[in-house]
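Everything on this sheet refers to the single structure shown next.
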Amino acid sequence: MSLRLLVIEGNTAADRARHAAGRGATPSEAYAEVLRELAPDAVCDIAFPADPGANLPDAGGLEGYDGVALTGSSLNLYDMTPEIRSQIDLARQVFASGTPVFGSCWGLQVLTTAAGGVVRKNPKGREMGFARKITANEAGRTHPMLAGRPIAFDAPAVHQDEVETMAPGTTLLASNGMSAVQAAEIRVGQGIAWAVQYHPEFSLAEVAAIGGALGPRLVDEGFFEDMEALARWRSDLDALNVDPANTPVAWRHGLDVELLDTGRRRTEIANWLSAMVRPKKSLRGRA
């Protein structure tokens, strides 16, 4: 029997359209494609909790899924708009269902808030392009989500917000100089979430496209001298996306195998599917 997975899109319809225009797919479509590549037997549904009147599954309906993945988003948790509150409510339903859940970036923040934690705007500013020197703590070095990762590694990342206060039931797994919470496990009742502040689902081309979408803001924030410098950076990432063995370009940006190799970039999601989703499928009588 194939895996049945649900991808929860974090963006509004307008933001999804902008992402699709710049990246060729919405975040949820791209995430679903990654899941299908890692698990060819997977059937993926997509939910849009930020859409008014969206028909969303309750805890009972979520029990019909083997796993749930939460995408990133352009929203900010502390704004607490109706689009955000509906996502927090759905995350609570996911916990109540006991269905294994994985969250990327916004996903970590929504799951944290749903479990009783607090998210804030990062006082250190934006983490853009790549999160550097993510370092596993003692718990992270033995946790199955980070199995196969070195003690310190880099990963794709684009975010301005971070977890300020971890929720009860959270085990911190990894941190870096920009955010204390880069990887964590969150337990609520029978629900278990694995979540990261970075984006293991992103390709280098997606990172480049997001850089293009942010454009002048990145120049204003000091990431690039001007738009021409940003364009050169994007061009290099696009080149590496096509040819990861382009050593001079990889060296210019300090990118190693953890970023250049597609399989290694997706380590946490692959580990979630193999260590949480498939075993729990059997335990829940869905084999």
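Across the stretch 208-251, what is the number of residues that are part of a helix (DSSP H, G or I), among the acidic types (Asp, Glu) and either farther than 19 Å from ASN122 by Cβ or within 22 Å of the chain's Cα centre (by Cα) (or both)? Please lay out each step first, then the result.
Step one: list which residues in the stretch 208-251 are part of a helix (DSSP H, G or I), which gives 208-214, 216-220, 227-242, 247-251.
Then keep just the ones that are among the acidic types (Asp, Glu); that gives 220, 228, 236, 238.
Restricting the remaining residues to those that are either farther than 19 Å from ASN122 by Cβ or within 22 Å of the chain's Cα centre (by Cα) (or both) gives 228, 236, 238.
Within the stretch 208-251, residues that are part of a helix (DSSP H, G or I), among the acidic types (Asp, Glu) and either farther than 19 Å from ASN122 by Cβ or within 22 Å of the chain's Cα centre (by Cα) (or both) number 3.
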Got a number for residues in the stretch 237-268 being farther than 20 Å from ALA209 by Cβ and β-branched (Val, Ile, Thr)? 3
(1) under 16 Å from the mean Cα position of the chain (by Cα); (2) in a strand (DSSP E or B): which one isn't true of GLU164, the others all being true? (1)
Would you pick out the residues in the stretch 177-207 that are more than 14 Å from the chain's Cα centre (by Cα) and either in contact (Cβ under 8 Å) with a residue 60 or more places away in the chain or surrounded by fewer than 22 Cβ atoms within 10 Å (Cβ to Cβ) (or both)? GLY177, MET178, ALA180, ILE186, ARG187, VAL188, GLY189, GLN190, GLY191, ILE192, ALA205
Can you pull out the residues in the stretch 179-202 that are in contact with a Gly (Cβ under 8 Å, 6 or more places away or on another chain) and not in a strand (DSSP E or B)? GLY189, GLN190, HIS199
Within the stretch 8-23, restricting attention to residues that are within 17 Å of VAL207 (Cα to Cα) and charged (D, E, K, R), which residue is modelled with the lowest pLDDT? ARG23
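Tally time: how many residues in the stretch 24-45 are under 12 Å from GLU206 (Cβ atoms), part of a helix (DSSP H, G or I) and among the hydrophobic types (A, V, I, L, M, F, W, C)? Before you say what the answer is, go through the steps one by one.
Of all residues in the stretch 24-45, those under 12 Å from GLU206 (Cβ atoms) come to 24-27, 29-31, 33-34.
This time we only want the ones that are part of a helix (DSSP H, G or I), so: 27, 29-31, 33-34.
Then keep just the ones that are among the hydrophobic types (A, V, I, L, M, F, W, C); that gives 30, 34.
Of the residues in that region, 2 qualify.
Looking only at the stretch 167-178, which residues are within 30 Å of GLY212 (Cβ to Cβ) and either part of a loop (DSSP other than H, G, I, E, B) or not small (Gly, Ala, Ser) (or both)? Working first, answer last.
First pass over the stretch 167-178, keeping only residues within 30 Å of GLY212 (Cβ to Cβ): 174-178.
Across the stretch 167-178, the qualifying residues are ASN176, GLY177, MET178.
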Within the stretch 68-111, how many residues are hydrophobic (A, V, I, L, M, F, W, C) and not in a helix (DSSP H, G or I)? 8
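The values are calculated or read from the model by the stated rules, or taken from the named source; none is laboratory data. All values reported here derive from a predicted model rather than from experimental measurement. Note that we place each Cβ from the backbone using ideal geometry, even for glycine, and neighbour counts take in every protein chain shown.
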